[in-house]
4 protein chains.
Amino acid sequence: MRFKPNYAPGPTEVRENVRLARTKRTNNTDFDREFVHYYHEVCQKMGQIMGTKNDVLLLAGEGILALEAACASLTEPGDRVLVLDNGIYGEGFKDFVSIYGGEPVVLSFDHHKGIPVEEVREYLKMDHDFKYATFVHCDTPTSVLNAATELSPLLKEYGILTVVDSVAGMVGEPIAVDQNQIDICCGGTQKAISAPVGLAIVSISEDAKKAMDNRKTPITSFYANLQIFKGYAEKEYLPYTMPASDVEALDVALDNILEEGQEAVYKRHDKIASAVRKSVQAYGLTLFLESERSNTVTAIVIPEEIGALRLQEHISETYNLLIATSLAQYADVILRIGHMGENAFVDKVVFVLTIIDNGLRDLGFKGNGNLAQLFLDAYKEK
Amino acid sequence: MRFKPNYAPGPTEVRENVRLARTKRTNNTDFDREFVHYYHEVCQKMGQIMGTKNDVLLLAGEGILALEAACASLTEPGDRVLVLDNGIYGEGFKDFVSIYGGEPVVLSFDHHKGIPVEEVREYLKMDHDFKYATFVHCDTPTSVLNAATELSPLLKEYGILTVVDSVAGMVGEPIAVDQNQIDICCGGTQKAISAPVGLAIVSISEDAKKAMDNRKTPITSFYANLQIFKGYAEKEYLPYTMPASDVEALDVALDNILEEGQEAVYKRHDKIASAVRKSVQAYGLTLFLESERSNTVTAIVIPEEIGALRLQEHISETYNLLIATSLAQYADVILRIGHMGENAFVDKVVFVLTIIDNGLRDLGFKGNGNLAQLFLDAYKEK
Amino acid sequence: MRFKPNYAPGPTEVRENVRLARTKRTNNTDFDREFVHYYHEVCQKMGQIMGTKNDVLLLAGEGILALEAACASLTEPGDRVLVLDNGIYGEGFKDFVSIYGGEPVVLSFDHHKGIPVEEVREYLKMDHDFKYATFVHCDTPTSVLNAATELSPLLKEYGILTVVDSVAGMVGEPIAVDQNQIDICCGGTQKAISAPVGLAIVSISEDAKKAMDNRKTPITSFYANLQIFKGYAEKEYLPYTMPASDVEALDVALDNILEEGQEAVYKRHDKIASAVRKSVQAYGLTLFLESERSNTVTAIVIPEEIGALRLQEHISETYNLLIATSLAQYADVILRIGHMGENAFVDKVVFVLTIIDNGLRDLGFKGNGNLAQLFLDAYKEK
Amino acid sequence: MRFKPNYAPGPTEVRENVRLARTKRTNNTDFDREFVHYYHEVCQKMGQIMGTKNDVLLLAGEGILALEAACASLTEPGDRVLVLDNGIYGEGFKDFVSIYGGEPVVLSFDHHKGIPVEEVREYLKMDHDFKYATFVHCDTPTSVLNAATELSPLLKEYGILTVVDSVAGMVGEPIAVDQNQIDICCGGTQKAISAPVGLAIVSISEDAKKAMDNRKTPITSFYANLQIFKGYAEKEYLPYTMPASDVEALDVALDNILEEGQEAVYKRHDKIASAVRKSVQAYGLTLFLESERSNTVTAIVIPEEIGALRLQEHISETYNLLIATSLAQYADVILRIGHMGENAFVDKVVFVLTIIDNGLRDLGFKGNGNLAQLFLDAYKEK
């Protein structure tokens, strides 16, 4: 397959040193105890970046496995689970809860802004008998950013565990797991971490471990059962054959982040995202969100007479470039620009904005000026 | 981590062109419909090598996910499942059956030889009310090879579906899925295929699909649910983000196999395995198996006064080489030499035998002659 | 060192498959006769692309070694050599002639256009007693393209051998060695071929071989002596250890060219170069050349009050981008955009033009519109 | 081309991290001043490993370019040069001297041992009017090691500059350029350094620089002219386009050496070489040399009735393995085992000795025991 440049909100570009780490010969992960220790170190490095001293696990699978593993390991038949929903992935959690016999209680909010903490607070006053609650840090289809800072501590007040999907948030936006008292924080390697698809990430708090230990029924899964890793480091034995080179690649990707500095990485995302938002508006387009916009992705409303899907197809055919629209009801409404991880660099954004500008004009849209230049002007200002 | 040569029965060495394929920039698997077609082609190529026109899926996970997905997708609460057991992994299937609410009926046989087809035939005459049966093609801890050729058709006579674990068999030993009427054949990339860990393989027959479609209860899993892939090619949409570079690496590994020719690959395994077995016996050691020895791995009994674990540790410390013992009750009894895929080449085997010979002699064993030379003599003869 | 994007007229970007070919383990080039044949095949493939059935050699060195080897191997003390000069490298040939004892006769022309064939014709009527003549196909410091089509045949009429430096021309512009009767055509791997620096290329005609065979004095060099390769293929022995992986990388780069098709590659260069030139002029800048502009590089005059060197430094500091000025008397006058080989793609050019536009405006230049957009408009038109 | 394992005395195996460094995208070496400084640092690191504070240059070419550049840059017409010859490359220096107009005086010694320092001392008493002298540190065709420690200081007593070819010596055997007062020490990347072919190495003493500065005639070369690099670091400009990725690969290879420790590397070579020599003799074969055997390569006399070339061909055909015989008069007499750099590891040597043992026995030789085992016994003893 011919390579096509990619500006979707993940999987992102993977830096050369990360890709090269994946090509190396690897040791046998089944018989080499040294590998188990190495795995453990990379888990801890991941934890450092997530801001947690909790156990962190790397599961051999795509990011969604982290979400399922959290729900599979916590949910027992009949458990009530609070599903906070202000976006497509937010609502999706209810399915994982149901599969494992839980009773999801879905609390839905406007998709055009972050989950309103006060409304949640009010709701909890009336109804707080939940084993755990779920919400999404950055819900990519609409690019909304939810306040983990406030939601998790609030839920914790009622003894409700929190499962947070930060797959498309972490590294691009601060998550601070321990500070925010998140019990299970889920991530994937292919978003702002900019490592290849292949590992799902979970951090597990002591409270979450206790909840699993105190289950009355066994966990209905092996692959999504977080308990199978229990004591692996002491036993020097992992529950299945680990993809060694994915672990090594992640290790290098994490080093890239630490070398740049986490604060610098956040600033880079912020500077790019702010300039993208500013330029898009100055150009004459509308952002989907009213507020709480994530720095990892920008959702732009495409005028109905053009249509996001038609724009996507036109750009793919004319400029051989893959841009992302959205999902479900937003598929033809929203155009998304992913600017997370390795994609959050000026040269990448300049090019995609140039093409979007040309694509829109080809289809009859009259923008105010040159979109890439508007971006650069805003970027230089900041 | 420093690289250590590895002669375990998987993960095997990965050829340079496969490793290099993993380092390439990849397209976005979520938005690029072309990728879905590419994935489909690689699945079909995999099927060609497995000898099947059935649907083949590549799941983003380790080989064990294939086994779990087969059981999760087929088993409904109360289903009776026949677990044919003549080795450690053979017996292990009962756990997957139980997790998903099935009732495993374990039929156990001597671990020193293949599953006796006639005994199974006799048993089935009395009791054959099973939704499906499970067995392992090559059970690596003891290196036994079971006759898929006879077992699957026999079970089919009674309308019993078969789930076969050929993770450590396929490509090193013929599996011929369609000819043997195997309903779900499970594989992994890291054994005789010699691609990196990362994808689990399943082929699914029409009968198996029907059994899933006709379930009365939903499948208690997302990640291990084979139904989520239903119609993906037509919809041009995969159920989760696929590890693109693992698919590309597998593609190259499959091309390597097809280029050498499948028959030639089988012959290479046979020639190496025969010479290993002959030399080990001529040297004065005993093979664990009486018969039905797989060409992918050889299990050697280590005299009690030496002990397999002590030999392993001595060789690791003195020669910086990782050799594999076995699992569970055989951990200190059996030394295993993996000679599958890229490890089934003369130079690799000469070296590991030289070291085993020296290791054994260091610990007081008196072999008849030089083990590597005995191997080369047997190899040249054949 | 941190990677900096590069838009200079060579070394160009190297495609991923070429870079990966360089990483592979290689065979021993001294003892493996098969390698000699492989080397020979790659030489012939190189010849095919240069349009010649003459012997082609790959020398282990940078492109300049090809020029020196041509002069070293042809020149005997006292030989008169005609040096056609309309640019910096054109004039430079006189030094190679002098080093090896020849008498260079330099015929200089206006640097703002191609060598005027008629003037050369007139000159030759008066003075044509030359062993060989030299000229440059594309003289990169000013980006001029000289008419190999007419010059070589004209010189041949007088029995004058031609040495043509097509290092920065071949593959981006047709060279057609046999059709143009070029005796020694010189190339390098790092320009429009887009392989890494490492091999110098020469094609040698029968007449050139005769001239070397008939020398009265030995060649004053080993490394720049083309005769040391004489009969290497028959002897299955190369005169020194060849950089095997450079040969393998070149092989892949040549396959890339053949796969795209040479005509398609020329068209791609033409389309990009035309649009660059058009946009630069529409923007309000002046091209250095009046005519005979090469499609591999564009030389732009930077207004004196800004200065090419200051612009280069400003862009390097502000945008971390390396752009090329020129050499010698043109160092502060000319800005060059290399658009050859892998750099002759829309996305690369859009980005560099965006930055040049911003850099110029930062320094007070008022362009007419947006340079990248002017380029895209011209590009889409064509 | 299919990869063939290689046990020749260079080019040696290249470690994975060095090969991967070669695949990286590189910066523009012509316009990036930072690259010039990086090049300079790698040159200094090379000097550190050679034991010198002299200027060190990396030339874009094969190792032989270093020898030619030394002779080209020092020799003026009529200069008398002392060529110390006790091997094929030792004698070869006379050609480089002659090409550049010097008068080589060849002092020849027995090829079966090192250059006898006392005989040289006696000779110099009678005749010492030489601009410079040449000798080879390790002359690979016979594997002899010459005493740079004594020869260079002795020649220096008479004001004679020394040019030493340590291409196949350095890193495997100590060279200590400054301590031994070597004026120009030549190396290549593809021997014990175990980087790919591509760079020639020279260190240049103050005396050598003075000799070049004081020439009355210009140097008859550009590519082999060491003076073109004069002041490059200050000018931030290299005389031709450098192969950036070869420099980066060498950098990693040098780091590998420094990480292991130079003394440890010497010890590793010594331990391997001693065990090879001991086992070969115990097996019943004869070493070519009486004494002064280099630790980088072992020359073994193959009985006339078998013949080294026939053994080489037999092993190539039967075992797909490339072993090296020697050159010129020794081509059919000597079998060479290269054990330098990455090839100086136990597993590599065990395999090649196993095959040589089998090859010899196939052709009727009766060795005393198993060659690989004799090697391992000697190796473990030491």
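Numerical summary
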| item | result |
| --- | --- |
| log10 of Debye I(q)/I(0), alpha-carbon scatterers only, for segment D:101-161 at 0.28 Å⁻¹ | -1.38 |
| Debye, to nearest 20: dipole size of the protein assembly as shown, +1 on Lys, Arg Cβ, -1 on Asp, Glu Cβ | 0 debye |
| Rounded to whole Å, sorted largest first: equivalent-ellipsoid semi-axes of segment B:207-289, Cα gyration tensor | 41, 21, 13 |
| Placed amide H near A:Thr189: partners under 5 Å, 5+ positions off or other chain | A:Gly63, A:Gly198, A:Leu199 |
| Residue exposure sequence - A:Glu236, C:Glu305 - by fewest surrounding Cβ within 10 Å | C:Glu305, A:Glu236 |
| Cα gyration tensor shape of segment C:44-183, rounded if a/c is under 1.5, else prolate or oblate by comparing a/b with b/c | rounded |
| Space enclosed by the convex hull of the alpha-carbon atoms of segment B:128-275, per residue, Å³ | 144 Å³ |
| Shielding of C:319-328 by partner chains, average beta-carbon count, 10 Å | 2 |
| Taking B:Thr241, D:Thr142 and counting other C-beta atoms within 10 Å, the order from fewest to most | B:Thr241, D:Thr142 |
| Among beta bridges that DSSP assigns inside the protein assembly as shown, antiparallel share in %, nearest 5 | 55 percent |
| Whole-Å distance, taken between Cα centres, linking segment D:58-101 and segment A:318-364 | 61 Å |
| For segment A:103-117, Karplus couplings with θ = phi - 60° (6.51, -1.76, 1.60), whole Hz, Gly/Pro x | 10, x, 10, 8, 10, 9, 10, 3, 7, 8, 7, x, 4, x, 4 |
| Calculated log₁₀ intensity ratio I(q)/I(0) where the Debye formula runs over C-alpha points of segment A:1-95, q = 0.10, 0.23, 0.25 Å⁻¹ | -0.47, -1.34, -1.38 |
| Too-long pairs where the Cα-Cα distance tops 32 Å, listed order kept, from B:Lys348/D:Lys267; C:Lys94/D:Lys210; A:Lys209/B:Lys131; D:Lys125/D:Lys267; B:Lys24/C:Lys45 | A:Lys209/B:Lys131; D:Lys125/D:Lys267 |
| Residues whose placed amide H lies under 5 Å from that of B:Val106, excluding near-sequence neighbours | B:Val83 |
| Under 5 Å, built H, 5+ apart or other chain: amide partners of A:Leu59 | A:Ala200, A:Ile201, A:Val202 |
| Taking all pairs of distinct alpha-carbon atoms in segment A:16-259, Kirkwood radius in angstrom | 18.1 Å |
| Where a label projected 7 Å from the Cα of B:Lys125 along Cα→Cβ would reach, residues of segment B:154-187 with amide N under 17 Å | B:154-155, B:157-158 |
| Kirkwood hydrodynamic radius (C-alpha pairs) into Stokes-Einstein, segment D:261-381, 10 °C and 1.306 mPa s, D in µm²/s | 111 µm²/s |
| Cα long-axis angle, helix A:33-50 against chain A (0 to 90 degrees, to the nearest 10) | 50 degrees |
| Neighbour-count ranking [beta-carbon atoms within 10 angstrom, fewest first] of A:Asp165, D:Asp270 | D:Asp270, A:Asp165 |
| Label 7 Å beyond Cα on the Cβ vector: A:Lys210 copy-to-copy distances, nm | 5.3, 8.3, 9.8 |
| Estimated distance in nm for a label pair at B:Arg33 and C:Leu363, the labels positioned 7 Å out from Cα along Cα-to-Cβ | 4.8 nm |
| Per-residue average of Cβ from other chains inside 10 Å of C:216-228 | 4 |
| Between 0 and 90°, nearest 10: helix C:148-157 axis offset from chain C longest Cα axis | 30 degrees |
| Gaussian network model of chain A, springs between alpha carbon atoms under 10 Å - residue of A:Leu154, A:Leu363, A:Leu67 with greatest fluctuation | A:Leu363 |
| Qualifying trypsin sites (Lys or Arg not before Pro) for segment C:312-379 [loop in DSSP, other Cβ within 10 Å: at most 13] | C:Lys366 |
| Trypsin sites (Lys or Arg not before Pro) within segment A:189-218, DSSP loop, no more than 11 other Cβ atoms inside 10 Å | A:Lys216 |
| Under Karplus coefficients 6.51, -1.76 and 1.60, residue-wise ³J(HN,Hα) of segment D:12-27 in Hz, glycine/proline x | 8, 4, 10, 5, 3, 5, 6, 5, 5, 4, 6, 8, 6, 5, 10, 7 |
| Cα pair distances of the protein assembly as shown binned at 20 Å [whole percent] | 9, 32, 35, 21, 4, 0 |
| DSSP-assigned coil residues among chymotrypsin sites (Phe, Trp or Tyr not before Pro) in segment B:1-86, each with at most 13 further Cβ atoms within 10 Å | B:Phe3 |
| Using alpha-carbon coordinates, inclination of helix B:88-99 to the longest axis of chain B, degrees | 30 degrees |
| Inter-chain shielding of B:60-70 (mean C-beta neighbours from other protein chains, 10 Å cut-off) | 5 |
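All of the numbers you see were taken from the coordinates with simple rules; none came from a lab. Treat the numbers as computed from the prediction; the structure is a model and nothing was measured. As a convention, Cβ positions derive from the backbone with ideal geometry for all residues, glycine included, and neighbour counts pool all protein chains shown.
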